[in-house]
Amino acid sequence: MTTLAQAYGPERFGLSFELFPPKTDAGIENLWFHVDRLVQFQPSYITCTYGAGGATQDRTLEVVAHVRSKFELPVATHLTCVGNTADQLRAYLHRALELEVDNVVALRGDPPRGETAFQSVEGGFSYASELVQFIRDEFKNMGIAVAGYPETHQEAVSPEADLANLKRKVDAGADIIITQLFYDNVDFFAFRDKCQAAGINVPLIPGLLPVTNAAQIQRISSLCGAKLPPDFLAALSKHEDGSAGQFEVGVEFATRQTAELIAEGVPGIHFYVLNKSEATERVLSDVQLPR
Ligand code: FAD
């Protein structure tokens with residue numbers, strides 16, 4: 001059993017990759033091709049997101065269980081409160097443990113498509129902190145990661161309230177924090193300072209999504225509220241969407257962002273790889289990981 005907390009330490013730099021469950025068998029085959037390329041960087045663990053639809057939830061466990069057995073890597077399943085009662089969450093976690101998936105990225109989740117506000121189900125949870133507490137109480141040895149927001153969660157009443165919520169999640173038993181994607185390291189460093197001042201002492205892991213397609217990242221950023229620096233957007237807009245030129249601009253930006261985070265002593269980096277390997281591979285080949 002390797003828990004998330006063990007991935008980070010004075011002598012250890014934690015590298016993690018986040019996948020999502022493909023909808024088709026062809027997508028699954030394609031995923032293994034890219035995971036195969038990514039494992040050369042010896043990630044500390046690999047995670048897979050958990051969606052609102054039933055079919056992809058089964059796929060989440062399928063993906064992480066396969067990574068665990070084929071690549072012999074520690075893994076984490078994401079899990080959200082959306083549409084789940086405590087009984088359903090418990091059953092999912094038991095299934096995960098049967099498959100030797102012993103780490104969870106515990107989230108509240110977003111409202112399902114078409115709905116504007118998150119609604120808990122009867123017998124379910126309203127906030128990720130409640131899910132964390134539930135897992136800690138019933139699954140003592142599972143590793144738990146939670147989400148942190150350098151630019152503040154979009155629904156939070158204030159940055160202070162959002163930070164207080166993060167503290168609640170850590171106090172409830174989270175081992176590490178993985179941040180929402182961001183493109184200005186200044187935001188991350190300011191957030192790190194605030195976490196320290198608030199007494200949040202677990203590893204704070206920056207989450208990075210190397211941009212390879214401007215239209216796609218503008219969509220993702222507008223959904224999660226991440227700012228895109230104007231200079232970066234201007235450089236991307238000189239090339240066609242999805243072109244080799246945009247890829248180069250995105251890789252160069254992500255490489256600089258990664259190198260600066262490493263120089264500033266982050267305990268690890270989480271890459272949102274979007275089931276592809278090329279950009280992350282280029283970034284990781286161009287930086288010196290502290291290991
Ligand atoms: P919470 O921590 O519960 O916070 C939600 C909001 O409620 C925040 O605004 C918070 O400030 C506020 N709040 C919390 N507690 C209280 C309280 N007691 N009183 C008042 N307000 C409170 N989504 C998916 O659907 N599937 C995934 O696999 C997935 N993976 C993710 C991985 C990472 C690393 C990140 C950063 C996000 C991920 N998400 C995923 C998105 C996430 O589900 C959304 O950002 C969601 O809107 C919030 O989830 P949370 O766990 O941060 O919620």
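Which of the residues that make up region 20-71 are of a type in the set (Lys, Arg) and touching a helix residue (DSSP H, G or I) at 6+ places or on another chain (Cβ under 9 Å)?
Step one: filter region 20-71 for residues of a type in the set (Lys, Arg), giving 23, 37, 59, 68, 70.
Of everything in region 20-71, those that are of a type in the set (Lys, Arg) and touching a helix residue (DSSP H, G or I) at 6+ places or on another chain (Cβ under 9 Å) turn out to be 23, 37, 59, 70.
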Note: among 105, 170, 146, 101, just one is under 18 Å from residue 270 (Cβ atoms) and in contact with a His (Cβ under 7 Å, 6 or more places away or on another chain), namely 105
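Okay, residues lined up against (1) closer than 14 Å to residue 106 by Cβ; (2) touching a strand residue (DSSP E or B) at 6+ places or on another chain (Cβ under 9 Å):
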{"position": "149", "(1), (2)": "no, yes"}
{"position": "152", "(1), (2)": "no, no"}
{"position": "158", "(1), (2)": "no, no"}
{"position": "167", "(1), (2)": "no, no"}
{"position": "170", "(1), (2)": "yes, yes"}
{"position": "175", "(1), (2)": "yes, yes"}
{"position": "184", "(1), (2)": "no, no"}
{"position": "188", "(1), (2)": "no, yes"}
Picked from region 40-61 (must be part of a helix (DSSP H, G or I) and away from the ligand (no atom under 15 Å from the Cβ)), the residue surrounded by the most Cβ atoms within 10 Å (Cβ to Cβ) is 41
Does at least one position in region 238-261 carry a residue that is of a type in the set (Asp, Glu) and closer than 21 Å to residue 178 by Cα?
-> yes
Next on the checklist: Quick check on residue 143: is it more than 10 Å from the ligand (Cβ to nearest atom), crowded, with 19+ Cβ neighbours inside 10 Å and closer than 30 Å to residue 187 by Cα?
Outcome noted: yes
- Query: Does residue 70 satisfy being among the basic types (Lys, Arg), in contact (Cβ under 8 Å) with a residue 24 or more places away in the chain and assigned to a loop (DSSP other than H, G, I, E, B)?
  - Reply: no
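Taking region 97-119 on its own, how many of its residues are assigned to a loop (DSSP other than H, G, I, E, B) and more than 10 Å from the ligand (Cβ to nearest atom)? Steps first, answer last, please.
Filtering region 97-119 for residues assigned to a loop (DSSP other than H, G, I, E, B) gives 99-102, 108-119.
Narrowing the set further to residues that are more than 10 Å from the ligand (Cβ to nearest atom) leaves 99-102, 113-117, 119.
Here the count works out to 10.
Just give me the residues in region 180-198 being in contact with a Phe, Trp or Tyr (Cβ under 7 Å, 6 or more places away or on another chain) and either more than 20 Å from residue 272 (Cα to Cα) or part of a strand (DSSP E or B) (or both), in sequence order. Talk me through it step by step, then tell me what you get.
Filtering region 180-198 down to residues in contact with a Phe, Trp or Tyr (Cβ under 7 Å, 6 or more places away or on another chain) leaves 180-183, 188.
Once the filter is applied, which keeps residues that are in contact with a Phe, Trp or Tyr (Cβ under 7 Å, 6 or more places away or on another chain) and either more than 20 Å from residue 272 (Cα to Cα) or part of a strand (DSSP E or B) (or both), region 180-198 yields 180, 181.
Every number here is computed from the coordinates shown, using simple stated rules; none is lab data. Because the structure is predicted, anything quoted here is derived from the model rather than measured. Reconstructed Cβ throughout: ideal geometry from the backbone, glycine too, with neighbour counts over all protein chains shown.
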